[in-house]
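*Asks:* Just dropping this structure here.
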Amino acid sequence: MAASSAQPEAVDTASHAQRKLQIEEEETRVRFASFSLRDALAIGQDLLSRSPAPLAVGVRIADRVLFAALADGASLEQQALVGLKLNTVMRYSHSSLWWFYHLRTQGRTSPLDVPWLDPRSCTHFGGGFPLTIGGQVVGGVAVSGLPHEEDHALVVQALGGHLRRTGG
C-alpha cells in the first residue's frame, strides 16, 4: 500500500511543477513596454465585460490603485481577495497561481504551511498577475469571482488581448 500511495504524490508533484513552468512562460510572454491609467481602465473594463460571473477587479502599480471595481453581485470577500492576490504578486514577483503551484511543489498546500508568512497578507489562490515593464514587476492585475484557474485565465486573456490591440 505504501508504494501505491507514494506514486500519486510523485505524479502530482510533477504535474504541479509542469503547471508552474507554464505559468512562468505566460509571465514572460505578457510584458509591457509602458503602462498608463488608460491601460488600467481598458483592462479593468475588459475584465468586467468578459466575466461570466460578478467580479472584483483591481489594477495596481506599486501602492497606487489605478482601477478598482466591485461588480453588482460581487462580495466584499472577493474584494479582499483581490488585495491579497495583488500583495502576493508584489511579494513574489509572480502570479498568485504561480505561488499556489510553487507551494505544492514543496509539499505545502497553503500559506499557513509557511511559518514566516503572515497568511493575512498573501493568498495562494490564482487570479493575480504581475505587470512587468522592462523586466521589472511594477504592479499587478487581479480578479476574484471565478474558480482560481479561471480567474487566472481571464486576467491572462485580458492582458494578452490588450497587448495585441495596443502593440505592447
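The values are calculated or read from the model by the stated rules, or taken from the named source; none is laboratory data. Just so you know, these numbers come straight off a predicted model, no measurement behind them. Glycine gets a Cβ as well: all are built from the backbone with ideal geometry, and neighbour counts include every protein chain shown.
Matching residues to (1) in a helix (DSSP H, G or I); (2) of a type outside the set (A, V, I, L, M); (3) surrounded by 13 or more Cβ atoms within 10 Å (Cβ to Cβ):
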{"site": "H102", "(1), (2), (3)": "yes, yes, yes"}
{"site": "C122", "(1), (2), (3)": "no, yes, yes"}
{"site": "G126", "(1), (2), (3)": "no, yes, yes"}
{"site": "F129", "(1), (2), (3)": "no, yes, yes"}
{"site": "T132", "(1), (2), (3)": "no, yes, yes"}
{"site": "V137", "(1), (2), (3)": "no, no, yes"}
{"site": "V156", "(1), (2), (3)": "yes, no, yes"}
{"site": "G161", "(1), (2), (3)": "yes, yes, yes"}
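*Asks:* Just one of L112, L84 is free of Cβ contacts under 8 Å to residues at least 60 places away in the same chain and either surrounded by 15 or more Cβ atoms within 10 Å (Cβ to Cβ) or closer than 24 Å to T132 by Cα (or both); which is it?
*Replies:* Selected residue: L84, the only one of L112, L84 that is free of Cβ contacts under 8 Å to residues at least 60 places away in the same chain and either surrounded by 15 or more Cβ atoms within 10 Å (Cβ to Cβ) or closer than 24 Å to T132 by Cα (or both).
*Asks:* Continuing with the same structure: Can you give me the number of residues within region 35-50 that are touching a helix residue (DSSP H, G or I) at 6+ places or on another chain (Cβ under 7 Å) and modelled with pLDDT of 95 or more?
*Replies:* Number of matching residues: 5.
*Asks:* Could you say whether any residue in region 49-59 is polar (S, T, N, Q) and touching a strand residue (DSSP E or B) at 6+ places or on another chain (Cβ under 6 Å)?
*Replies:* Within region 49-59, none of the residues are polar (S, T, N, Q) and touching a strand residue (DSSP E or B) at 6+ places or on another chain (Cβ under 6 Å).
*Asks:* Also: If you check S75, S95, which single one turns out to be more than 17 Å from the chain's Cα centre (by Cα), at pLDDT 95 or above, surrounded by 13 or more Cβ atoms within 10 Å (Cβ to Cβ) and at negative phi?
*Replies:* S75
*Asks:* Still on this model: Identify the single condition in (1) within 15 Å of T132 (Cα to Cα); (2) among the small types (G, A, S); (3) assigned to a helix (DSSP H, G or I) that S34 does not satisfy, given that it satisfies every other one.
*Replies:* (3)
*Asks:* Within region 9-33, work out how many residues are among the hydroxyl-bearing types (S, T, Y) and modelled with pLDDT of 95 or more.
*Replies:* Going through region 9-33 one residue at a time, the tally reaches 1.
*Asks:* In addition: So which residues in region 18-51 are in contact (Cβ under 8 Å) with a residue 24 or more places away in the chain, within 15 Å of H152 (Cα to Cα) and surrounded by fewer than 17 Cβ atoms within 10 Å (Cβ to Cβ), if there are any at all?
*Replies:* Within region 18-51, E24, R29, R50 qualify.
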